[in-house]
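K.L.:
This structure is in structure tokens; I'll ask about it shortly.
Read-outs throughout are calculated quantities, based only on the coordinates presented, and are distinct from any laboratory measurement. Keep in mind that what you see is a predicted model, and the values were worked out from it rather than measured. No Cβ is skipped: glycine too gets one built from the backbone with ideal geometry, and neighbour counts run over all protein chains shown.
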Amino acid sequence: MDSECLQHLLTEEERAAFDRDGFIVVENALPDTMVRDLNKAVDRIEGEVDFIGKDDIFLELIDWPTVFPKVFGILGWNIHIYHTVALSRPPDTEEKRRQKARLPWHQDSDRVNADVAPGPTMRISLKVGYLLTDLTKKGHGNQLFIPGSHLKRELEWPSDGVSNPKGVYTLQAPAGSAVLFEQRIWHTGSPNLSNITRRTLYYGYSYRWFHPRDERTVSHYMERSDPIRRQLLGAKTKSLGLTSPQPADVPLRTWMAEHLGEEAVVDKYTRLVGGLSVSFARNPDDHYAVRV
């Protein structure tokens with residue numbers, strides 16, 4: 001994996017913003033030449049879903065150095081690509097512009113959020129959206145988010161059946177920017193009142209035990225990919241390695257330990273024990289160290 005990743009690690013400010021809002025924006029994630037070449041590649045492919053195996057250039061983005069460090073900074077090392085979508089939003093027709101209906105607000109991954117027990121759901125995945133068209137102005141099919149809505153199971157919807165909820169954030173960023181957002185956040189596209197087609201490439205990352213939404217037609221990439229890319233493309237030693245991974249299953253963990261230190265790959269979570277907040281850290285030898 002490109003060592004340039006070390007220059008773009010998730011900052012504490014970005015981590016705090018992602019935890020608070022459910023998304024962050026990275027401007028200048030892609031150079032203009034890459035945006036141009038990606039647009040040409042989108043012209044060559046058919047279909048929107050599971051596009052990654054349809055052109056070699058799409059493979060380059062799965063560990064893109066300005067963005068991927070923020071992905072593993074948020075989700076950790078036991079991750080893979082579970083879903084890709086090449087979304088093109090043409091200008092709205094006159095008929096569509098006249099329609100009066102609420103935008104299709106949603107959380108990603110459908111039943112993942114509906115089937116779990118009551119209360120806030122878990123962060124299981126996130127998407128990276130690479131903007132291939134300029135969205136610095138509103139009215140271009142910009143993506144909308146409700147900051148902080150990832151911490152709520154339900155939203156308060158205006159009773160008129162048309163208006164958006166309160167506190168909507170409109171994504172406005174130039175082509176080449178990337179937006180990272182988790183599956184729990186409520187979001188939607190917005191009307192495209194411009195004369196251009198809005199294009200965004202979405203790469204979905206999840207924990208390896210979460211079943212992919214795509215067929216992942218990427219076997220032709222495996223032999224020429226490095227170990228970390230193979231992990232992201234779904235390689236595993238056996239099915240048990242999805243929930244109890246061995247080093248061969250997760251070379252990203254080894255890379256992070258070597259470049260960022262063992263502390264970067266120790267599992268951390270908090271439990272309430274006897275009224276005290278206790279932090280458990282899972283060590284590489286599979287024993288738990290307890291820190292009160």
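K.L.:
Can you pull the semi-axes for region 19-79, root of five times each eigenvalue of the Cα gyration tensor, sorted largest first, whole Å?
P.N.:
Sorted largest first and rounded, they come to 24, 15, 11 Å.
K.L.:
For region 212-259, which trypsin sites (Lys or Arg not before Pro) are both in a DSSP coil and crowded by at most 12 other Cβ atoms within 10 Å?
P.N.:
Those satisfying the criteria are Lys238.
K.L.:
While we're looking at this one, here's another question. Projected area of region 1-119, taken from the Cα convex hull and averaged over every viewing direction, in nm²?
P.N.:
Mean projected area for region 1-119: 11.0 nm², to one decimal.
K.L.:
I would also like to ask the following. Can you bin every Cα-Cα distance in the chain into 5 Å intervals starting at zero and give me the percent of pairs per bin, rounded to whole numbers?
P.N.:
Going out from 0 Å in 5 Å bins, the chain shows 1, 5, 11, 15, 18, 17, 14, 9, 5, 3, 2, 1, 0 percent.
K.L.:
Pulled fully out, how much extra length does the chain show between Asn164 and Glu46, if you take 0.36 nm times their separation in residues and subtract their Cα-Cα distance?
P.N.:
Net length gain for the segment: 39.2 nm.
K.L.:
Here's a follow-up. Determine the dipole magnitude for region 1-85: charges of +1 sit on the beta-carbon of Lys and Arg, -1 on that of Asp and Glu, nothing else is charged, the reference point is the Cα centre, and the result goes in debye to the nearest 20.
P.N.:
100 debye
K.L.:
Let me ask you something else. Quick one: putting +1 on the C-beta of Lys and Arg, -1 on the C-beta of Asp and Glu, what dipole do you get for the chain around its Cα centre, in Debye to the nearest 20?
P.N.:
It comes to approximately 860 debye.
K.L.:
Here is a follow-up. Which whole-angstrom value gives the distance between the alpha carbon centres of region 10-66 and region 103-163?
P.N.:
After rounding, the separation between the Cα centres reads 19 Å.
K.L.:
Which aspartates and glutamates does Lys100 reach when only Cα atoms under 20 Å apart count, and residues fewer than 8 places away in its own chain are ignored?
P.N.:
Output for Lys100: Asp92, Glu156, Asp160.
K.L.:
Return the sequence-ordered ³J(HN,Hα) values of region 130-137 in whole Hz as given by the Karplus equation 6.51 cos²θ - 1.76 cosθ + 1.60 applied to θ = phi - 60°, using x for Gly and Pro.
P.N.:
Values, residue by residue: 8, 7, 9, 9, 6, 10, 6, 10 Hz.
K.L.:
Taking 0.36 nm per intervening residue step and subtracting the Cα-Cα distance, what contour gain separates Ser244 from Glu156 on full extension? Don't skip to the answer; put the middle values down first.
P.N.:
On the way: separation 88, 0.36 × 88 = 31.68 nm, distance 3.99 nm.
Extending this stretch completely gives an extra 27.7 nm.
K.L.:
Additional query: Would you please give the FRET efficiency between Asp115 and Leu260, computed as 1/(1 + (r/R0)^6) with r the Cβ-Cβ distance and R0 = 35 Å, to the nearest 0.05?
P.N.:
Efficiency at R0 = 35 Å is approximately 0.50.
K.L.:
Less than 27 Å apart at the alpha-carbon level, and either on another chain or at least 8 residues along: which lysines does that give for Lys127?
P.N.:
Lys40, Lys54, Lys70, Lys137, Lys138, Lys152, Lys166, Lys236, Lys238, Lys268
K.L.:
Say R0 is 41 Å: what FRET efficiency, to the nearest 0.05, do Arg102 and Asp55 get from their beta-carbon distance?
P.N.:
Efficiency at R0 = 41 Å is approximately 0.70.
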